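What follows is a single structure, written as structure tokens, with notes after it.
The values are calculated or read from the model by the stated rules, or taken from the named source; none is laboratory data. Because the structure is predicted, anything quoted here is derived from the model rather than measured. Note that each Cβ is placed from the backbone with ideal geometry, even for glycine, and that neighbours are counted across all protein chains shown.
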Amino acid sequence: MDDEQFKRIEELLLILIRANIAPIINAELCTPKMQKLYEMTGQRSIKEVAKKLGISTGKISAIWKRWARRGLLKKEGKSYKRI
């Protein structure tokens with residue numbers, strides 16, 4: 001397989017993953033604050049997110065861990081990234 005085939009497989013897998021996690025996303029992102037937290041995940045540090053949203057870093061960490069368990073995030077090193 002060449003790189004283009006691998007990229008196409010990755011694109012198709014992401015489509016399938018997103019379709020399967022859509023109900024989970026809708027359940028977890030039921031408030032504007034949770035939606036903003038999800039949007040900011042992977043783009044800002046936990047301290048910046050906490051300050052901007054008025055949520056403690058401990059609470060954000062717990063939410064991110066729950067979201068990772070439910071398949072909404074993936075852990076990369078010490079940070080989380082959206083799927």
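Counting just the residues of the stretch 54-74 that are small (Gly, Ala, Ser) and at negative phi, which one comes out surrounded by the most Cβ atoms within 10 Å (Cβ to Cβ)? Working first, answer last.
Step one: list which residues in the stretch 54-74 are small (Gly, Ala, Ser), which gives 54, 56, 58, 61-62, 68, 71.
Still in the list and also at negative phi: 56, 58, 61-62, 68.
On the way: Ser56: 11, Gly58: 10, Ser61: 13, Ala62: 11, Ala68: 15.
That would be Ala68.
May I ask you to list the residues in the stretch 45-76 that are part of a helix (DSSP H, G or I) and hydrophobic (A, V, I, L, M, F, W, C)?
Of all residues in the stretch 45-76, those part of a helix (DSSP H, G or I) come to 46-53, 57-69.
Passing the criteria: Ile46, Val49, Ala50, Leu53, Ile60, Ala62, Ile63, Trp64, Trp67, Ala68.
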Any residue in the stretch 1-17 that's touching a residue at least 24 places away in the same chain (Cβ under 8 Å): show its pairings with residues that are surrounded by 10 or more Cβ atoms within 10 Å (Cβ to Cβ) and among the aliphatic types (A, V, I, L, M) at Cβ separation under 7 Å, as long as the two are six or more apart or on different chains. Ile17/Ile83
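Output yes when any residue across the stretch 13-27 is part of a helix (DSSP H, G or I) and polar (S, T, N, Q), and no when none is. Before the answer, list the steps.
Within the stretch 13-27, the first condition is being part of a helix (DSSP H, G or I), and the residues that meet it are 13-27.
When the remaining residues are screened for being polar (S, T, N, Q), the result is 20, 26.
Yes, there is a match, as at least one residue in the stretch 13-27 is part of a helix (DSSP H, G or I) and polar (S, T, N, Q).
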Restricting the stretch 28-38 to residues that are assigned to a helix (DSSP H, G or I) and surrounded by 13 or more Cβ atoms within 10 Å (Cβ to Cβ), which is modelled with the lowest pLDDT? Glu28
